[in-house]
1. Exactly one of these conditions fails for residue 152: (1) outside the structural domain of residue 14 (by TED's automatic domain parsing); (2) modelled with pLDDT of 95 or more; (3) more than 16 Å from the chain's Cα centre (by Cα). Give me its number.
2. Looking at (1) at pLDDT below 90; (2) within 30 Å of residue 74 (Cβ to Cβ); (3) assigned to a strand (DSSP E or B), can you tell me which one residue 173 breaks?
3. Give all pairs with beta carbons closer than 6 Å in which a residue from the stretch 70-83 that is closer than 12 Å to residue 155 by Cα meets a residue that is of a type in the set (Val, Ile, Thr) and buried (at least 18 other Cβ atoms within 10 Å of the Cβ); count only pairs at least 6 apart in sequence or on separate chains.
4. How about the stretch 28-72: which of its residues are in contact with a Leu (Cβ under 9 Å, 6 or more places away or on another chain) and among the polar types (S, T, N, Q)?
5. Condition (residue is over 20 Å from residue 28 (Cβ atoms), at pLDDT below 95 and of a type in the set (Gly, Ala, Ser)) applied to the stretch 118-127: is it met by at least one residue?
6. From the set of residues in the stretch 110-148 that are β-branched (Val, Ile, Thr) and in a helix (DSSP H, G or I), which is surrounded by the fewest Cβ atoms within 10 Å (Cβ to Cβ)?
7. When residues of the stretch 1-31 are filtered for being over 25 Å from the mean Cα position of the chain (by Cα) and surrounded by 10 or more Cβ atoms within 10 Å (Cβ to Cβ), how many remain?
8. Looking for something free of Cβ contacts under 8 Å to residues at least 40 places away in the same chain, within 27 Å of residue 150 (Cα to Cα), assigned to a loop (DSSP other than H, G, I, E, B) and touching a Leu at 6+ places or on another chain (Cβ under 8 Å) - is there at least one such residue anywhere in the stretch 14-22?
Amino acid sequence: MNKSKSIFLYNYSFLSLLNLIKKLIQNKIVPNDIKNYDYQANLFDNTINLKVPEDEKVINDIINHFGVNILNIMFKVFLSNEQYKELIIYYFWLYSIKYKNKVVYMRNLKVVNKALKISKYVGKEAHRLKGFLRFSELENNVLYAEMAPENNIIIFLSMHFKKRLKNEFWIIKDVKRGILSVYNKKDYFFINENEYKLLTKNVSNEEKNIRNLWKTFYKNISINERKNIRCQMNFMPKKYWQYITEMRDDNEENYK
């Protein structure tokens with residue numbers, strides 16, 4: 001006979017999740033699972049909404065008690081595509097209470113090891129896309145880039161390109177999640193793709209020329225006899241190729 005599972009709900013955001021976990025730990029509640037409001041409960045699930053206020057003080061509490069590195073690990077796990085990421089953060093927090101900032105050395109603990117691996121993977125993908133992301137100049141002079149990462153890393157790319165392209169208008173779109181980061185030369189903000197439509201996605205004539213020059217350069221410096229697709233994929237996984245200029249179809253005129 002199936003037993004009822006206690007599944008606690010939070011309001012999508014990292015801050016909401018942290019406040020919920022803090023509440024659970026304070027009340028010594030061990031959840032079967034933690035999910036956001038989109039979760040589709042089955043017949044045997046007991047979904048619980050504690051409606052915990054989103055207090056930013058929880059961020060400082062974590063930093064003061066465990067250190068900023070522990071908070072960063074939790075945040076990267078939250079941004080991952082791991083199915084049980086909320087539970088991992090919950091148990092990682094519990095171990096952090098016991099071991100403080102030394103918890104990162106407790107790799108013999110399954111949950112800690114899992115959290116560290118996920119954090120590293122998310123950070124690695126963000127670092128990789130900082131170099132692989134390709135912007136195109138549209139006819140409205142906005143720089144536009146698309147990507148489809150495994151993890152929800154658009155915030156790390158936004159922080160990076162706010163510094164690198166601070167004097168440009170740019171948009172980064174996460175195609176997989178339908179999220180856009182829009183930068184207005186001062187700051188970036190996130191919107192859903194349904195809330196915003198580009199006036200045009202046609203690239204400018206100058207962009208077309210630059211693309212052709214880059215493809216010609218890439219083709220001329222390559223040596224066919226030494227072509228090694230497997231080696232290329234080690235440095236630049238094939239899942240990113242559709243968004244990289246030198247790997248795109250030569251007949252494409254628009255961004256898509």
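1. Only one criterion is unmet by residue 152, namely (3).
2. Looking at each condition in turn, residue 173 falls short on (1).
3. 76/122; 79/122
4. Correct list: 32, 36, 47, 49.
5. No: the stretch 118-127 contains no residue that is over 20 Å from residue 28 (Cβ atoms), at pLDDT below 95 and of a type in the set (Gly, Ala, Ser).
6. So the residue we want is 111.
7. Number of matching residues: 9.
8. no
The values are calculated or read from the model by the stated rules, or taken from the named source; none is laboratory data. Only a predicted model underlies this, so the values are computations on that prediction, with no experimental measurement involved. As a convention, Cβ positions derive from the backbone with ideal geometry for all residues, glycine included, and neighbour counts pool all protein chains shown.
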